[in-house]
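The values are calculated or read from the model by the stated rules, or taken from the named source; none is laboratory data. Note that this is a predicted model, so its numbers are computed, not measured. Cβ atoms come from the backbone with ideal geometry, glycine included; neighbour counts cover every protein chain shown.
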């Protein structure tokens, strides 16, 4: 690992040294290294595990700097004379004094940017202690979406020394008239949880914001705080402006890694299921572990898993342990209550999703239980770090696999943790939709020159390789929609004036921009309201939280599901509200499991393939899994790690093809779509498919074994990389996933407004549905910049096309086919998923026909 | 044949494109074209692709080539925005004229287009009785046997094997029919929404859901609430 030499040259100023001494602390090496970076004026990336005093390290240089600068902004000093003058009725002198004060109002020194507003608020609280104890005259404030408009306004005219905020607020501040003045004095930007920020579009938006800030505050220094990542250089590039020829890196400080975690895999006496994600079998074991510790975080991958686990735990909670639930769909007030109870030490366990992933200290967690697949080694390490925020004690964690494949995945993750291997995803080029939003934001702030903005944008690492032609198309999109048919010149949002600068055409454009800033496009959400059962026309009712529209859209009235820890029955849906009633049913029907947002990392996938291939490793995974893999070797074959096993077999009047790429559900789903198209053409009459994290099963009427043996289907051709050409293009026509990606891009780029001045609109209430826009655009201008943005996203996001390409090239010439007379042990889990998962693809039309046919049958009987 | 229905004794056919065909009269009925909706929204700041009018007319041309109607009835809201439609680009105006040539074309008034753009041609009326059928834009809540209307943009969702599918649809109970919206930028409204209440006999209601190649007839009680 590459560690920058950072000699300790800084002696702490007395007031700071005394403070450390009074607490019996001495500054840690990495904290001093960060001070040294400040003296050199260098931007720096600090990589440190949880509990290493990362935040204090990030702020210490700023606190010292502001203290040395001498505090209290001009405005504040002038405030009392101003008041005196006003009181004395001398308005002219008062105005004069105010004008004087306005000349240099800004004393904003440090911006702290966090991905979570709760984190910003928490850090502000934590900063107050040292500031108060040292008696520093430093003002610290937060600014989030919750900050009142009066305070926000005041923060622009009279900013604090340190402002703690979120990427969206930075975008808004940049787009304000006061930006130039406000940021002129800015010296440092601290970016917390940088590893989490940079892999999203929020990271792209922030990168562009940083480029703007550097232009407004020359000499600006950045400090990135991050958990351990696979490629620190990518983050180092992110922190500093990139030259047009080559690359620049920030300094790097690595903190001591701390004690390695103590991670075990749950050894249950119960039978580990073949498939599924409920982990019901292990509930008693999980409950026992909770009872043995003070405070346990039970991490799960999805909201429905959280609900399920919470429900099951309470069903066995004989001792009435205080166990709570925390996930993003719950009402914010309820979440705050759980957090406060955690901090107060009155809870024994919290079942949570990624909402508790990031670094807020909610209490003395002494155990993490991870239910379900870890998906990635680095992500698991970060979650485990939530237990024991003290650096020198090992965190304790127990992994609970929910099925047999997950046993292998957990084993792979434990091995990776022991080696300190990292598998954080690589950084992607910046989104074009985000660029469009930023260009409009710049114009809203102050008129810009296109050449200058282009070089500013390309100084941001995610956009370093953006070419001028693409930039100009983005600019054209912002101005008039960027259509080849130049129909909207007179409706332009921004116009180039005589001085060559672009400025907004009218105030409504600025207003709309401010309402729609940001890159988080929510799934359409419906409000859940509790009403009495049996109401014909429900209305009102207690608000329980919000639920994704897709989830509800699969249900019929009277269907039951779990939400907020209750089993609820659907009463009806009206516009954006879902009415539910409580029910006594103990067996809620769970609509299709959507899987987690995070696919199995390529790194873990490789290790799992390795385990399947190597009999020596089988016994490590317990007798059940070892027996299962042994049986597979007997009945079929266990593929070598670089091979792709394809099995074909008949079952219940259908013929199945199952393959095992281990490349994640998204990638397999895309493969499934493309394979069924090809099998159709090859005469195999495919009827459907189902994808899991590990395997893909396709079934049809044609005798697949025979077709392959007689050479009518050549597997090399079937799995040829050229499927990513025409077949992919043709399929994208109908892909609802692709349309969803387009919706996000169109919303971020500002084509679809989430909110209009005066009234708020969400989801399907949008003026023209994005699906309809997509259909029209795809037919008439398939090369439009938003189509390009969508394709780029699809490559890495929803469709994982990049990974599919890598898989096809990895397995070329290494396909092993087994024609079997019945289902193989390895194939059982994915076949069990049929009926549980969406059967995606063209089957929709047939399903519709089926709905009509049913009716005919009913009518004839 | 898929999509055939009986309305007050007349045999009508719902076409997968979203128009309705009355073979005996060689009459094509189309609702809610919303031409120039894109341009209208652009004027208010949403620069959505300006190709919707061309797309809508192309689809209409395709179905007219196939069915060769003698009469066409556009059930109102044919033009999204009175002011913007006045500036309908010449090439599109010509294309529309080409479609109208050789047919008896009737524009029914809609709430978006109480008057058609000047000089567009065709007949213009608030409503039109033809045999036992009565064509108007907005369905009238009272009993109106033989009413054929648009305005509400009906859509239906149906759940099959745990999968919810949603399509635009025509809705008919044998006494009244409401057509799906045809325009490229027109969405759909679930038949379960309160606005449809009282318009149909629930026992006889069927949704004619528009599939890719055919029309799927689904009984009213099977129509889902979601979407």
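Numerical summary
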read-out: The lone exception for residue B:159 - which of (1) assigned to a strand (DSSP E or B); (2) more than 11 Å from chain A (Cβ to nearest Cβ) it fails; value: (2)
read-out: Odd one out for residue A:661 among (1) surrounded by fewer than 21 Cβ atoms within 10 Å (Cβ to Cβ); (2) under 30 Å from residue A:264 (Cβ atoms); value: (1)
read-out: Residue among A:281, A:287 that alone is surrounded by 15 or more Cβ atoms within 10 Å (Cβ to Cβ), in the same structural domain as residue A:401 (by TED's automatic domain parsing) and modelled with pLDDT of 95 or more; value: A:287
read-out: Options A:613, A:640: the member that is surrounded by fewer than 22 Cβ atoms within 10 Å (Cβ to Cβ), outside the structural domain of residue A:710 (by TED's automatic domain parsing) and closer than 20 Å to residue A:808 by Cα; value: A:613
read-out: Residue match in the stretch A:416-423 (condition: more than 25 Å from the chain's Cα centre (by Cα) and under 30 Å from residue A:264 (Cα atoms)); value: yes
read-out: Residue check for residue B:185: in a loop (DSSP other than H, G, I, E, B), touching a strand residue (DSSP E or B) at 6+ places or on another chain (Cβ under 7 Å) and at the interface with chain A (Cβ under 7 Å from one of its Cβ atoms); value: no
read-out: Checking residue A:745 against (1) away from every other protein chain (no Cβ under 13 Å); (2) closer than 30 Å to residue A:718 by Cα; (3) at pLDDT 85 or above; (4) touching a helix residue (DSSP H, G or I) at 6+ places or on another chain (Cβ under 9 Å), the condition it does not meet; value: (2)
read-out: Within the stretch B:198-213, tally of residues that are at the interface with chain A (Cβ under 10 Å from one of its Cβ atoms) and either farther than 22 Å from residue B:16 by Cα or surrounded by fewer than 18 Cβ atoms within 10 Å (Cβ to Cβ) (or both); value: 2
read-out: Any hit, the stretch A:69-88, residues being at pLDDT 70 or above and out of contact with any helix residue (DSSP H, G or I) (no Cβ under 6 Å at 6 or more places or on another chain); value: yes
read-out: All helices (runs of 4 or more DSSP H) inside the stretch A:181-294 with 2 or more residues being touching a residue at least 12 places away in the same chain (Cβ under 8 Å) and over 22 Å from residue A:437 (Cβ atoms); value: A:232-239, A:283-291
read-out: Restricting the stretch A:679-710 to residues that are assigned to a loop (DSSP other than H, G, I, E, B) and at pLDDT 90 or above, the residue that is surrounded by the fewest Cβ atoms within 10 Å (Cβ to Cβ); value: A:710
read-out: The stretch A:39-57: number of residues that are more than 16 Å from residue A:194 (Cα to Cα) and crowded, with 23+ Cβ neighbours inside 10 Å; value: 0
read-out: Filter pass, residue B:222 being farther than 26 Å from residue B:33 by Cβ and within 13 Å of another protein chain (Cβ to nearest Cβ); value: yes
read-out: The listed residue being within 14 Å of chain B (Cβ to nearest Cβ), over 27 Å from the mean Cα position of the chain (by Cα) and either at pLDDT below 90 or in a helix (DSSP H, G or I) (or both), out of A:676, A:767; value: A:767
read-out: Residues satisfying the stated conditions in the stretch A:481-510, i.e. within 9 Å of chain B (Cβ to nearest Cβ) and in contact with a helix residue (DSSP H, G or I) (Cβ under 6 Å, 6 or more places away or on another chain); value: A:482, A:488, A:491, A:492, A:493
read-out: Residue count for the stretch B:162-179, restricted to those that are within 13 Å of another protein chain (Cβ to nearest Cβ) and either assigned to a strand (DSSP E or B) or touching a residue at least 40 places away in the same chain (Cβ under 8 Å) (or both); value: 7
read-out: Sole residue being at pLDDT 90 or above and either within 31 Å of the chain's Cα centre (by Cα) or more than 30 Å from residue B:45 (Cα to Cα) (or both), chosen from A:667, A:659; value: A:659
read-out: Subset of the stretch B:46-96 [surrounded by fewer than 18 Cβ atoms within 10 Å (Cβ to Cβ), within 10 Å of chain A (Cβ to nearest Cβ) and at pLDDT 95 or above]; value: B:58
read-out: Check on residue A:804, modelled with pLDDT of 90 or more, within 9 Å of another protein chain (Cβ to nearest Cβ) and part of a helix (DSSP H, G or I); value: no
read-out: Of the criteria (1) surrounded by fewer than 22 Cβ atoms within 10 Å (Cβ to Cβ); (2) assigned to a loop (DSSP other than H, G, I, E, B), which one residue A:313 fails; value: (2)
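Table: residues versus (1) outside the structural domain of residue A:694 (by TED's automatic domain parsing); (2) modelled with pLDDT of 90 or more; (3) within 18 Å of the chain's Cα centre (by Cα).
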{"position": "A:291", "(1), (2), (3)": "yes, yes, no"}
{"position": "A:294", "(1), (2), (3)": "yes, yes, no"}
{"position": "A:308", "(1), (2), (3)": "yes, no, no"}
{"position": "A:340", "(1), (2), (3)": "yes, no, no"}
{"position": "A:346", "(1), (2), (3)": "yes, yes, no"}
{"position": "A:351", "(1), (2), (3)": "yes, yes, no"}
{"position": "A:383", "(1), (2), (3)": "yes, no, yes"}
{"position": "A:387", "(1), (2), (3)": "yes, no, no"}
{"position": "A:390", "(1), (2), (3)": "yes, no, no"}
